[in-house]
Each structure stands twice: as structure tokens, then as C-alpha cells.
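Reviewing the structure listed below.
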Amino acid sequence: MERLPGVLLFLLAIFFSTTQAYEPLINHHIHLLRPKSGAGGSSVPGVSCLSWRLGVEVRNIINWKTVPAQCESYVGHYMLGHQYRKDSKAVTDVAWLYAKSLNLTKDGKNVWVFDIDETTLSNLPYYARHGFGTEVYNSTSFNEWVLEGTAPALPESLQLYKKLLKLGVKVVFITGRGEDQRSVTIANLKNVGYRTWEKLVLKGSAYSGKTSYVYKSAERAKLEKSGFRIIGNIGDQWSDILGTSVGNRTFKLPDPLYYIS
């Protein structure tokens, strides 16, 4: 199995050190992390990792536990290279074109729902140390990472967030993070540029054992019941944008690192 050289992981650490440093370093370092043989990355006998990722993104492949071991290098190069950023921008650009085309009322009831992990904040520094999704999810080590409060912003999502606020749209975050992570999540969001929001909904004990699909559907329904109009909804998982009360339009960001039902 080919792993990314240590020097590239070092560059990743620098790359994600601050939100402000995110953009300038792209031009200087990210070219080193491009796939090694065309857009599909290294050849893997018996499996096309590019086709696997497509199946994941269009929800033909579901309920998977880990990235195929053979695809670690491919997924790593995709996530660290230009294409992930381009794909994310394609989604947020369409979302913005939709939002600014609306004739919005000025009653303060228009909201846009954002997921957090791999939507507004990136856990890529963590996954770079854990096989880019090829390792079985370990809640203990992942929660330790979350409690560091150092996850960088996804730049494209942050730009969409800022544009929506200027448009007069309120933002609601609905995340699968637990209530015990509220303080660190608030601090992390604010530190990387998400300064204000209408609500931050975290998964409470009432949803213990419930899927993200069920939990997020129920919380969106509560928003609508309280009088809000969900004009948009964006997330990296299909469970973020399927179910009930999904909003007028939904937008799916790329994420080949993990699957949440």
C-alpha cells in the first residue's frame, strides 16, 4: 500500500495551520500533491478508485465502512489536490447562483442549513494521519481531534456562508457532534471565520441510537414548525440532505472519506 511521504504530511500541517494561510499555500505547495498518473491517480489492479469515488458521490455505493485499502493514495491525492477544491467550488457556486436569484422576503425567516464536519470545518488533518478513510472509524481518537478545536474552514463553504449573510439569510448549523462538544465547536467555528448564526444544533441524548438521517430530519422539521423557511441545505453526506423538511434546494459537497447513514 502506498502512503503519502512524510514531507507531504508536513506540508499538510502547514497548509491547514490557519484559515488565513489556507489560500496562499495552495499556489506554492498543492501542485506537489496532484495524482501521479492523470486524473484517476495511480493504477490499482482490479478496482478503479475513480469509479469507486463516483459511486460514493452519487449514492450508488452505500453503507460502506472504510475506503478500499487500495485507494488510500488516490483518495489522499484527491483530497489534497486541486480537484477536491474545484469540486467543492462547483457546488458552492451553484448554491450561490440559486440563492441570489431568489426574491426573498425581509421577515427574518429565511434560513440556510449547514452541516459542520467536511462541510464548514475540515477534518482532513486528522484523516491524513489515519489512512484517508481506510482505517475503521475510531470515535475516541476522532473526538480527541475535535476537542483540539483546530479544524480549518473549508474555504468555499466559508465564502458561501459570508455571501448568504450579506443577502440577509440566516444560518443554522445542524451537526452530528454531541452536546458535550458545543463549546469547542463554537470556538472552532468563530476562530476560522464563522462569526454568527441563528442556531447551532448538536445531537443530544434524545437521539441516541438514531441515524443522522432521522436526527437531522427531525431537527429541520422543528425549524419549520417554529416558522423558519429552509431555502437551502448543504452537507457532505446524503443523510444531511435527504429525509423530511430538507428545504427548497439541497447541495451535496464531495466526501470520499467516510459514510454516515
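The values are calculated or read from the model by the stated rules, or taken from the named source; none is laboratory data. Quantities reported herein were computed from a predicted structural model and do not represent experimental measurements. Cβ atoms come from the backbone with ideal geometry, glycine included; neighbour counts cover every protein chain shown. Accessible surface is based on the protein model in full, side chains and every heavy atom, while ligands, DNA and RNA are left aside. Shrake-Rupley method; radii C 1.70, N 1.55, O 1.52, S 1.80 Å.
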How many residues does region 168-180 contain that are open to solvent by 10 Å² or more (accessible area, probe 1.4 Å) and over 15 Å from the mean Cα position of the chain (by Cα)?
5
Enumerate the pairs (first residue in region 189-207 and in contact (Cβ under 8 Å) with a residue 40 or more places away in the chain; second residue anywhere and polar (S, T, N, Q)) with beta-carbon separation below 6 Å, excluding pairs fewer than 6 apart on the same chain, so at least 6 apart or on different chains.
Val192/Thr19; Gly193/Thr19
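Looking at Ser217, Ser122 in this structure, which one is in contact with a Pro (Cβ under 7 Å, 6 or more places away or on another chain) and crowded, with 16+ Cβ neighbours inside 10 Å?
Details: Ser217 fails: in contact with a Pro (Cβ under 7 Å, 6 or more places away or on another chain).
Just a single option satisfies the conditions, and that option is Ser122.
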Scan of region 229-261 for residues that are open to solvent by less than 50 Å² (accessible area, probe 1.4 Å) and in a loop (DSSP other than H, G, I, E, B), ordered by number
Asp236, Gln237, Gly243, Ser245, Val246, Gly247, Leu253, Pro254, Asp255, Pro256, Leu257, Tyr258
Quick check on Val44: is it part of a loop (DSSP other than H, G, I, E, B) and either surrounded by 15 or more Cβ atoms within 10 Å (Cβ to Cβ) or at pLDDT 50 or above (or both)?
yes
Listed residues Thr140, Thr66; which is out of contact with any Pro (no Cβ under 9 Å at 6 or more places or on another chain), surrounded by fewer than 22 Cβ atoms within 10 Å (Cβ to Cβ) and in a helix (DSSP H, G or I)?
Thr140
Just to check your reading of the model, which residue among Leu158, Leu165, Leu147 is outside any loop (DSSP other than H, G, I, E, B) and buried (at least 17 other Cβ atoms within 10 Å of the Cβ)?
Leu158
Can you confirm whether Leu223 is of a type in the set (A, V, I, L, M, F, W, C), open to solvent by less than 40 Å² (accessible area, probe 1.4 Å) and within 21 Å of the chain's Cα centre (by Cα)?
no
With respect to Ala99, is the statement that it is closer than 14 Å to Thr250 by Cα and at pLDDT 95 or above true?
yes
Being in a loop (DSSP other than H, G, I, E, B) and over 27 Å from Glu148 (Cα atoms), is that true of even one residue in region 210-222?
no
Which condition number in (1) out of contact with any helix residue (DSSP H, G or I) (no Cβ under 8 Å at 6 or more places or on another chain); (2) at negative phi is the one that Gly227 fails?
(2)
Determine if region 98-105 includes at least one residue that is at negative phi and open to solvent by less than 10 Å² (accessible area, probe 1.4 Å).
yes
